[in-house]
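The structure appears right after this line, and notes come after that.
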Amino acid sequence: MEDKNTTYFGSKVIPVEEKKPRVANIFSSVAGRYDLMNDLMSLGVHRLWKRFFVEKARLKQGDIALDVAGGTGDIAILMAKKVGENGMVVIYDINGEMIEEGRRKCVDRGFLKNIQYVQGDAEDIGFPDNTFHAAAVSFGIRNVTYIEKAFKEMARVTKPGGRVMCLEFSHPTSKLFSRVYDLYSFNILPEIGDIVTGNREAYTYLPESIRKFPIQEELKKMLEGIGLFNVKYYNLFNGIAAVHVGVKV
Ligand code: SAM
């Protein structure tokens, strides 16, 4: 049972203070292969999900947006196209290696001016209140120790009327589909992860942490509970992933 001194790392209960270093080890070790692994394990579908997600931010030219746990920058790149040369997107991530991979990719793709990189913790975002037109977290919130705290921080730094958004693996809505998905994620995924990244633990942690993540309705309630308005969610691919969007009052 979880108490306030322990937390989940996948399906293991560990002391709270061990979670951040363990998550850091995972992303430091897979950073160089992270993008390849995303394409392999989702057969490229994560790209479509990310496009759908960024559309929901309703960003305009000149806006300022935050990509929390932004890692290798997929969301930031899509946002940067929306906000244009006069706008700005910040990739905010706790892990230096992931940020470096992101910086390399953004520069390669020609985003030299309108993407910035800041290293920091989602639970304590180093920006003033009401800074961004949207704050988004994609496949990152599951790794954070105190999820609600991170969402409160995202809401704090978002301007009134701006959007707080989450794209995350979620819970399939059909039982049959759920069985097939379990078979894939607990048996095949760790094998692919081992071959591609050499880190089987990272891709064992992934399905375990997904199972521990709040179901769609619970996450919606959490976002409402921190004061967001008009919270909606969209299931993607039978609920394998879900997009949650709320508006800062
Ligand atoms: N957002 C990217 C995407 O959609 O592909 C990367 C997601 S990757 C699965 C998770 C990211 O969360 C990693 O880059 C990791 O360093 C970052 N992360 C984990 N814990 C964090 C925290 N407490 N604060 C900020 N970033 C964190």
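Step by step: first the residues of segment 71-94, then only those that are closer than 19 Å to Asp39 by Cα and out of contact with any strand residue (DSSP E or B) (no Cβ under 8 Å at 6 or more places or on another chain), then the one that is surrounded by the most Cβ atoms within 10 Å (Cβ to Cβ). Which residue is that?
Taking segment 71-94 as the starting set, the residues that turn out to be closer than 19 Å to Asp39 by Cα are 71-78.
Those left that are additionally out of contact with any strand residue (DSSP E or B) (no Cβ under 8 Å at 6 or more places or on another chain): 72, 78.
Details: Thr72: 25, Leu78: 22.
Ranking the qualifying residues of segment 71-94, first place goes to Thr72.
Could you check, for segment 188-208, whether at least one of its residues is of a type in the set (Ser, Thr, Tyr), surrounded by fewer than 18 Cβ atoms within 10 Å (Cβ to Cβ) and touching a strand residue (DSSP E or B) at 6+ places or on another chain (Cβ under 8 Å)?
Step one: filter segment 188-208 for residues of a type in the set (Ser, Thr, Tyr), giving 197, 203-205.
From the residues that got through so far, the ones that are surrounded by fewer than 18 Cβ atoms within 10 Å (Cβ to Cβ) too are none.
Checked segment 188-208: no residue is of a type in the set (Ser, Thr, Tyr), surrounded by fewer than 18 Cβ atoms within 10 Å (Cβ to Cβ) and touching a strand residue (DSSP E or B) at 6+ places or on another chain (Cβ under 8 Å).
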Item to check | Test: Glu97 is surrounded by fewer than 20 Cβ atoms within 10 Å (Cβ to Cβ), near the ligand (Cβ under 10 Å from one of its atoms) and modelled with pLDDT of 95 or more | outcome: yes
Checklist entry - Just to be sure, is Ile141 more than 7 Å from the ligand (Cβ to nearest atom), open to solvent by less than 10 Å² (accessible area, probe 1.4 Å) and closer than 24 Å to Pro207 by Cβ? => result yes
Checklist entry - Of the conditions (1) crowded, with 19+ Cβ neighbours inside 10 Å; (2) modelled with pLDDT under 95, Cys166 fails just one. Which one is it? => result (2)
Checklist entry - Taking segment 100-111 as the region of interest, how many residues are touching a helix residue (DSSP H, G or I) at 6+ places or on another chain (Cβ under 8 Å) and either closer than 17 Å to Met79 by Cβ or near the ligand (Cβ under 10 Å from one of its atoms) (or both)? => result 6
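For the subset of segment 52-62 comprising residues that are open to solvent by 10 Å² or more (accessible area, probe 1.4 Å) and in contact with a helix residue (DSSP H, G or I) (Cβ under 8 Å, 6 or more places away or on another chain), which member is nearest to the ligand (Cβ to nearest atom)? Give the derivation first.
Looking only at segment 52-62, we keep the residues that are open to solvent by 10 Å² or more (accessible area, probe 1.4 Å), and these are 52, 55-56, 58-62.
Next, only the ones that are in contact with a helix residue (DSSP H, G or I) (Cβ under 8 Å, 6 or more places away or on another chain) stay: 59-62.
On the way: Leu59: 16, Lys60: 22, Gln61: 23, Gly62: 23 Å.
Checked segment 52-62; the qualifying residue nearest to the ligand (Cβ to nearest atom) is Leu59.
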Checklist entry - Do the conditions hold for Lys81, that is, is it modelled with pLDDT of 95 or more, in contact with a His (Cβ under 8 Å, 6 or more places away or on another chain) and more than 12 Å from the ligand (Cβ to nearest atom)? => result no
Checklist entry - Could you say whether any residue in segment 34-49 is open to solvent by 10 Å² or more (accessible area, probe 1.4 Å) and β-branched (Val, Ile, Thr)? => result yes
Item to check | Residue match in segment 170-181 (condition: surrounded by fewer than 23 Cβ atoms within 10 Å (Cβ to Cβ) and touching a helix residue (DSSP H, G or I) at 6+ places or on another chain (Cβ under 7 Å)) | outcome: yes
Item to check | Check on Glu208, of a type in the set (D, E, K, R), within 16 Å of the ligand (Cβ to nearest atom) and either within 22 Å of Val54 (Cα to Cα) or outside any helix (DSSP H, G or I) (or both) | outcome: no
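Restricting segment 214-249 to residues that are assigned to a loop (DSSP other than H, G, I, E, B) and out of contact with any strand residue (DSSP E or B) (no Cβ under 6 Å at 6 or more places or on another chain), which is most open to solvent (accessible area, probe 1.4 Å)?
Within segment 214-249, the subset assigned to a loop (DSSP other than H, G, I, E, B) is 214-215, 226-228, 237-240, 248-249.
Subsequent filtering for residues that are out of contact with any strand residue (DSSP E or B) (no Cβ under 6 Å at 6 or more places or on another chain) retains 214-215, 226-227, 237-240.
Values: Pro214: 21, Ile215: 81, Ile226: 32, Gly227: 44, Phe237: 122, Asn238: 60, Gly239: 0, Ile240: 21 Å².
Going through the qualifying residues, I end up with Phe237.
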Next on the checklist: Would you confirm whether or not segment 172-185 contains a residue that is within 16 Å of the ligand (Cβ to nearest atom) and over 30 Å from Asp129 (Cβ atoms)?
Outcome noted: yes
Item to check | Answer residue from segment 3-24, given it is free of Cβ contacts under 8 Å to residues at least 60 places away in the same chain and touching a Pro at 6+ places or on another chain (Cβ under 9 Å) and is least open to solvent (accessible area, probe 1.4 Å) among those | outcome: Thr6
Checklist outcome for this item: Wholly inside segment 17-84, helices (runs of 4 or more DSSP H) that include 3 or more residues that are out of contact with any Cys (no Cβ under 6 Å at 6 or more places or on another chain) and charged (D, E, K, R) are 45-55, 74-83
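The values are calculated or read from the model by the stated rules, or taken from the named source; none is laboratory data. The structure displayed is predicted, hence computed values, not measured ones. Cβ: placed from backbone, ideal geometry, glycine included. Neighbour counts: every protein chain shown. Quick note on the areas: whole protein, heavy atoms, side chains included, nothing else; ligands and nucleic acids left out. Shrake-Rupley method; radii C 1.70, N 1.55, O 1.52, S 1.80 Å.
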